[in-house]
1. Just one of (1) of a type outside the set (Asp, Glu); (2) part of a loop (DSSP other than H, G, I, E, B); (3) at pLDDT 95 or above trips up A:Lys174, so point out which.
2. I need the full set of residues from region A:143-160 which are free of Cβ contacts under 8 Å to residues at least 40 places away in the same chain and in contact with a strand residue (DSSP E or B) (Cβ under 7 Å, 6 or more places away or on another chain), in order please.
3. What residue, of A:Thr106, A:Thr154, A:Thr161, is buried (at least 16 other Cβ atoms within 10 Å of the Cβ) and modelled with pLDDT of 95 or more?
4. For region A:69-92, name all the residues that are surrounded by 16 or more Cβ atoms within 10 Å (Cβ to Cβ) and outside any loop (DSSP other than H, G, I, E, B).
5. Given the condition crowded, with 22+ Cβ neighbours inside 10 Å and either more than 23 Å from A:Glu400 (Cα to Cα) or free of Cβ contacts under 8 Å to residues at least 24 places away in the same chain (or both), answer yes or no: does some residue in region A:336-347 qualify?
6. Which residues, taken from region A:123-142, are at pLDDT 95 or above and among the small types (Gly, Ala, Ser)?
7. Quick one: how many residues across region B:33-55 are over 17 Å from B:Leu104 (Cα atoms) and more than 12 Å from chain A (Cβ to nearest Cβ)?
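The values are calculated or read from the model by the stated rules, or taken from the named source; none is laboratory data. The model shown is predicted, which means the values in this text are computed figures rather than measured ones. Backbone-built Cβ (ideal geometry, glycine too); neighbour counts: all protein chains shown.
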Amino acid sequence: MVQASPGELALLGVIMTAAVALVVRATRGNRGVRLAVFVVLVLGTSGSAALLRPELRKASSAPTEVPGPGTALGYVSSAACLGCHPGEHASFGRTYHRTMTQVASTATVLAPTDGRALDLDGRAVRFERRGTEVWATLPDPDAVIAGGRADDVTRRVVLTTGSHREQAFWVAGKRRGDLRLVPFVWLVKDEAFVPRREAFLIPPDEPMPPVRWASSCIACHAVAGEPRHDLETDTFDTRAAELGVSCEACHGPGAAHVERHRDPVARYAQRGSKRADPTIVHPGRLSPELSSAVCGQCHAYSFPRDEAGGWTDGYSRTFRAGQPLDPSRTLIAPVIDAPATAIFWPDGAVRVGGREYNGLVASPCHERGSGDRKMTCLSCHAMHRGDPAGQIAPERTGDEGCTTCHDDARSRGHSRHAPGSPGSACVSCHMPKTSYALLQAVRSHRIDSPSAANTATTGRPNACNLCHLDRTLGWTARWLSEWYGAPIPQLDDERARTAFGVYAGIAGDAGVRALVADALGSAESLAASGIGFQTALLEEMSRDPYAAVRYIAARSLRTIAASPASSRPRTVGIDRATLALDADGRFDPERLRALLAARDERAITIAE
Amino acid sequence: MSLEPSPPESPADAVVNRHLRAGWWGLAVFVALGAVLELLHAIKSPVYVDAGRETTRLMLRLAHAHGTLLAVLNVVYALTIRARPTHTAGALASAALLAALVLLPGGFLLGGLWARGGDPGLGVLLVPVGAALLLVGAISVGRRVSIRE
């Protein structure tokens, strides 16, 4: 049945009546013509109605569990920005920030909704479409968390999280305002479902911690989110100015700005002025510290200073873009007792991807720089330009992010690698992929230099060996010593005689193994190491106890299998013993046993 | 000043007058609609310029454009009858053009005022009817002006 308001129907009737009256008047005395025109009127209207889209006939409303409108003062949502800033609105619309949280529908759910059965310990989880709605059948999520018998329930999918690498799905829990995860996530690039517990790097015997959207995600995946958690009833009256990361997350609340610029005179006066508009925040015009804090409000490990306030209002009343982070939250630093195996490497670098602010503020380029020469997020990134995948400013996609200050780096042959090769890029050495998130290695944003000694003492892979996986740590130490005068560390026998990729891929902790599994399939390492030794190693890693390591190893195997056969087999010139391979190219069983015996078995949870 | 009654209106004159009235009043209405739309743009009214209002904006613009053009068309039709009085004042053409003047822009207007996301409101059902009548009117006038005097 078509849903129409009385006003709409009344005006429709008025216009039809007016048309009929005009026709009657124009055809007075000519009944044949009058009849013909009425036939056109009736047939045309009824024919058009018959062609109405089914969705319009039965309009689908948003799920009732979607967070309500925010109560924080001054937010108007990105919809209000379009009228004056169509270009910025469109460029923001391309980003994965915008689609970080979306109301679930067939337009926003990227996974297939064809009702296929996804096996979860013998139980079937299914996604299906009903009109434009998406529904999921799953074991009752509240019962699963309670540890009791979990009957199958079928619930409408309310929200989605993510749209770039992974997408997760939320259904209503049993308490008001509570949203619970469907136990499968969709890997966008690989076009595959994986159980959620296998999409994170957690010990195999450890259950996934229960997650609630309003407490775990709202602070960063919505604008001015307010959990409004009632401790007594454990219910939520969740609010948000806007779902996803949109204009006001970075530019601050826009109500005053919108109000002021409804006046065309004020608008044109501002466009002609070089002075900053006091009614809105422009991150590019903030001080380096405040500009970085705009990104750091989400891309940092922190917790609210006012914990009780955090459960009710989130950060919606204690922080807005343009303000320092410090009054609203405590930045987790490696000096306080955060579990080093989950968040930080022992050298203080962040292990978790997406927390780049912690790395940035610990970088000498940020700590020691000043003014225009102080590194900020905007030194490399642009929110309205460039590839949405990394949001690197087009003019900073090469070394330009660094050479604006370090302008002599290239001319003095600093990299010791062939110009234009992957090894000559600044980020290859100074931002190695030693963070981990979403089943892949991510560049560290704490700018530092490769150090074999640091790898030997902390386990954090160095940039050299993440490409030269077929070389030992000692080999790296010798070159770093010869080129840059770096100290040569003492290495135990097994490590000294084994290629880094083999040693770290088998004996490293689970986080290191995941990084190595990723690096083994990277274009940079394949160019540096050639194809030859990786297959045996990755096949062994595909039996790793951690599901995430197994998944990444399998992916790298597929990448290598698809690589051109003409790739340079560098392993020919290397002692097979270094790679722990026998004459047939298989793992030497004795060496493998020794490496497994040396494995760092600490339970690792990368706390994404 | 003569007090003599004006001569009775001929059928052709009646059609001419009807279309002149409809055309000029229609022009007034739809130009006024255009002015309202310009004002909404100038003050960046959220009901007109915000994201999510694209369908409303498109429909209201189409209502303004079609209404204005159809109003002018009705005036042109009246002048056509004046120029070629013998054959062109047909009831079919007149009824079709008058109905189209109401239905086409009216349909767009209602479709815009009650737009549902990317879909216009139910008023848009009037648009194809109005378009069909406009086509009928145009063909009818075309046929009639093709008849040699």
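1. Unmet for A:Lys174, out of (1) of a type outside the set (Asp, Glu); (2) part of a loop (DSSP other than H, G, I, E, B); (3) at pLDDT 95 or above: (3).
2. Quick first cut of region A:143-160, residues free of Cβ contacts under 8 Å to residues at least 40 places away in the same chain only: A:143-144, A:146-155.
Within region A:143-160, A:Ala150, A:Asp152, A:Val153, A:Thr154, A:Arg155 qualify.
3. Values: A:Thr106 fails: buried (at least 16 other Cβ atoms within 10 Å of the Cβ); A:Thr154 fails: buried (at least 16 other Cβ atoms within 10 Å of the Cβ).
The match here is A:Thr161.
4. Within region A:69-92, A:Ser78, A:Ala79, A:Ala80, A:Glu88, A:His89, A:Ser91, A:Phe92 meet the criteria.
5. First, pick out the residues of region A:336-347 that are crowded, with 22+ Cβ neighbours inside 10 Å: A:344-345.
Add one more test, that the residue is either more than 23 Å from A:Glu400 (Cα to Cα) or free of Cβ contacts under 8 Å to residues at least 24 places away in the same chain (or both), and what stays is A:344-345.
Checked region A:336-347: at least one residue is crowded, with 22+ Cβ neighbours inside 10 Å and either more than 23 Å from A:Glu400 (Cα to Cα) or free of Cβ contacts under 8 Å to residues at least 24 places away in the same chain (or both).
6. Within region A:123-142, A:Ala124, A:Ala136 qualify.
7. Within region B:33-55, the subset over 17 Å from B:Leu104 (Cα atoms) is B:35-54.
Adding the requirement that they be more than 12 Å from chain A (Cβ to nearest Cβ) leaves B:35-37.
Residues that pass the stated criteria total 3.
So that you can scan it fast, the table gives a plain yes or no per residue for (1) among the small types (Gly, Ala, Ser); (2) touching a Gly at 6+ places or on another chain (Cβ under 7 Å):
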position	(1), (2)
B:Lys44	no, yes
B:Leu60	no, yes
B:His64	no, yes
B:Asn74	no, yes
B:Tyr77	no, no
B:Ala83	yes, no
B:Ser94	yes, no
B:Ser140	yes, yes
B:Ile147	no, no
